Amino acid sequence: MADKKIHIFDTTLRDGEQVPGCKLNTTEKIELAIKLEELGVDIIEAGFPISSPGDFHSVEEISKIIKNATVCGLTRAVKKDIEVAADALKYAKRPRIHTGIGTSDYHIKSKFNSTREEILERATQAVKWAKNFVDDVEFYAEDAGRTDNEYLAKVVEAVIAAGATVVNIPDTTGYCLPYQYGEKIAYLVNHVKNIDKAILSCHCHNDLGLATANSIAGVIAGAGQIECTINGLGERAGNTSMEECVMVIKQHKHLGFYTDIKTQLLNPMSRLVSETMRMPVQPNKAIVGANAFSHSSGIHQDGFLKDSLTYEIINPEEVGAGESKIVLTARSGRSALAHRFRKIGYEFTRNDVDVLYERFLKVADTKKEVMEEDLHELAKSHKPIEEIA
Ligand code: KIV
Ligand code: ZN
């Protein structure tokens, strides 16, 4: 059987931009949208048009510029929101309205002071209204992660009958465990009669650090789209990280999935988002962190220098991260030291490296990392053993 394509829905410009301090202006949003299209994302969620005139303008301008990707605008299940989103999307080659409402009892009772029946009705009305403006309508069942599966299945069936092409199952609070989220998707696949008429989408938050794991569990169970952001940006602890999901799918080919993401662009994209949003990436972040391809302990360095596969499952060039790094610290070994000397033009014998290593350790104990200039100092002040003899 041919591999199944997993659609990548990027929400950096909407859920990612909700992060305090990450607000973008229209020029910045356009620049990122163009790069997201180059990266190969299938859907760009460009904003929440009714939220502000600035966001409306950004969605409108992005719609004019994007050629191949679907451009999506978020709305509540409110007629006016949907009309405004449709207006903002009017120039898009492939417009999508993303509308929805909270379906968990927390949302139904505390947020809406409503009933399950009323929410079901509002959900279907919203989809029907959106269908007057665009063919492609995605429905989100907010807090689906904590929504009773039987009721969720009813909502999903009703919105598909109303014309939804994609149904988003957000774990809005990042509550689910991977097996629970996977079972939720499997439940919908098995209990919603018209499920073949729509794509199920994973939208997982990272409150327990499980967003990527949950999204992968979701596609294994039958979902066909992952909603994610660059660098995992998003409300609170963030959204699912695109780079992680894409590389899980690429590394684990046996799952039978693929995406259209050009993985060599992942690191440049991560840097651009980090700079534009003024939001640093944690150094130990998978795929795009500064240390993702750095080796610093002697045991790892020795193994890596013999065969990179001993300690690396991804070639850094495959994700645009350049070369792996051998970092010199007080935990590094002789082979790493010799390697770094070689890289800057010094070829030492094994005996010389032994002597230099003792001096290197003294320097290393005084600093966090031994830098290239320290190596030059060490090399220049070293008398080769053969000369001494
Ligand atoms: O987390 C969430 O539920 C959302 C929806 C608005 C899709 O971001
Ligand atoms: Zn979200």
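The values are calculated or read from the model by the stated rules, or taken from the named source; none is laboratory data. Fair warning: this is a prediction, and the values are worked out from it, not measured in the lab. Don't worry about glycine lacking a Cβ; one is built from the backbone with ideal geometry, like all the others, and counts go over all protein chains shown. What goes into the accessible areas is simple: the full protein's heavy atoms, side chains included, and nothing from ligands, DNA or RNA. Shrake-Rupley method; radii C 1.70, N 1.55, O 1.52, S 1.80 Å.
Is region 278-286 home to any residue that is away from ligand 2 (no atom under 16 Å from the Cβ), assigned by TED's automatic domain parsing to the domain that holds R340, in contact with an Asp or Glu (Cβ under 8 Å, 6 or more places away or on another chain) and more than 22 Å from I43 (Cβ to Cβ)?
Checking region 278-286: not a single residue is away from ligand 2 (no atom under 16 Å from the Cβ), assigned by TED's automatic domain parsing to the domain that holds R340, in contact with an Asp or Glu (Cβ under 8 Å, 6 or more places away or on another chain) and more than 22 Å from I43 (Cβ to Cβ).
List pairs: first residue in region 144-170 and of a type in the set (D, E), second residue within 13 Å of ligand 1 (Cβ to nearest atom) anywhere in the structure, Cβ distance under 9 angstrom, at least six positions apart or on different chains.
Cβ pairs passing all conditions: D148/T103; D148/S104.
Taking only region 1-35 into account, find how many residues are under 13 Å from the mean Cα position of the chain (by Cα) and aliphatic (A, V, I, L, M).
Within region 1-35, residues that are under 13 Å from the mean Cα position of the chain (by Cα) and aliphatic (A, V, I, L, M) number 2.
Can you tell which of A164, A144 is within 28 Å of K93 (Cβ to Cβ) and either assigned by TED's automatic domain parsing to the domain that holds I185 or away from ligand 2 (no atom under 16 Å from the Cβ) (or both)?
When all the criteria are applied, what remains is A164.
Just to be sure before I move on: is I8 within 16 Å of ligand 2 (Cβ to nearest atom), within 27 Å of E244 (Cα to Cα) and not small (G, A, S) in the structure I sent?
yes
Quick test for you: out of I43, I82, I66, I30, pick the one residue that is within 16 Å of ligand 2 (Cβ to nearest atom), surrounded by 17 or more Cβ atoms within 10 Å (Cβ to Cβ) and of a type in the set (A, V, I, L, M, F, W, C).
On inspection, the qualifying residue turns out to be I43.
Please work out which residue is nearest to ligand 2 (Cβ to nearest atom), limiting yourself to region 191-211 and to residues that are buried (at least 24 other Cβ atoms within 10 Å of the Cβ) and under 13 Å from C245 (Cβ atoms).
Going through the qualifying residues, I end up with H203.
Of the residues I314, I287, I326, I385, which is β-branched (V, I, T) and modelled with pLDDT under 95?
Just one listed residue meets the conditions, I385.
What's the number of the only condition in (1) part of a helix (DSSP H, G or I); (2) more than 22 Å from N194 (Cα to Cα) that A153 fails to meet?
(2)
Regarding region 171-178, can at least one residue be identified that is under 26 Å from N267 (Cβ atoms) and at pLDDT 95 or above?
Scanning region 171-178 turns up at least one residue that is under 26 Å from N267 (Cβ atoms) and at pLDDT 95 or above.
Out of G224, G234, G182, report the one residue that is within 19 Å of the chain's Cα centre (by Cα), closer than 24 Å to N284 by Cβ and small (G, A, S).
G234
Any chance you could count how many residues in region 240-291 are surrounded by 13 or more Cβ atoms within 10 Å (Cβ to Cβ), of a type in the set (S, T, N, Q) and out of contact with any strand residue (DSSP E or B) (no Cβ under 9 Å at 6 or more places or on another chain)?
Selection size over region 240-291: 6.
It is to be established whether one or more residues within region 234-251 are hydrophobic (A, V, I, L, M, F, W, C), within 16 Å of ligand 1 (Cβ to nearest atom), at pLDDT 95 or above and farther than 24 Å from E318 by Cα.
yes
Can you tell me which residues in region 341-380 are in contact (Cβ under 8 Å) with a residue 12 or more places away in the chain and among the small types (G, A, S)?
A364, A379
From (1) closer than 30 Å to G21 by Cα; (2) of a type in the set (A, V, I, L, M, F, W, C); (3) open to solvent by less than 10 Å² (accessible area, probe 1.4 Å); (4) in a helix (DSSP H, G or I), pick out the condition that doesn't hold for V159.
Here V159 meets the rest and fails (1).
Can you spot a residue in region 207-219 that is among the small types (G, A, S) and in contact with a Ser or Thr (Cβ under 7 Å, 6 or more places away or on another chain)? Steps first, please.
From region 207-219, those among the small types (G, A, S) are 209, 211, 213, 215, 217-218; that's our starting set.
Add one more test, that the residue is in contact with a Ser or Thr (Cβ under 7 Å, 6 or more places away or on another chain), and what stays is 211, 215.
The answer is yes, given that some residue of region 207-219 is among the small types (G, A, S) and in contact with a Ser or Thr (Cβ under 7 Å, 6 or more places away or on another chain).
Considering region 1-16 alone, what residues qualify as being out of contact with any Phe, Trp or Tyr (no Cβ under 9 Å at 6 or more places or on another chain) and either surrounded by 17 or more Cβ atoms within 10 Å (Cβ to Cβ) or modelled with pLDDT of 95 or more (or both)? Write out each step before concluding.
Taking region 1-16 first, the residues out of contact with any Phe, Trp or Tyr (no Cβ under 9 Å at 6 or more places or on another chain) are 1-2, 7-13, 15-16.
Listed by number, the residues that qualify are H7, I8, F9, D10, T11, T12, L13, D15, G16.
Quick check on my filter: what residues within region 87-104 are closer than 16 Å to F48 by Cα and small (G, A, S)?
A88, A92, G100
Provide a single number: the residues in region 220-254 that are away from ligand 2 (no atom under 16 Å from the Cβ) and of a type outside the set (G, A, S).
Total satisfying the criteria: 12.
Residue under question is C72, and the condition is that it be farther than 14 Å from I230 by Cβ, within 16 Å of ligand 2 (Cβ to nearest atom) and open to solvent by less than 10 Å² (accessible area, probe 1.4 Å); does it hold?
Taking the combined requirement at face value, the residue satisfies it.
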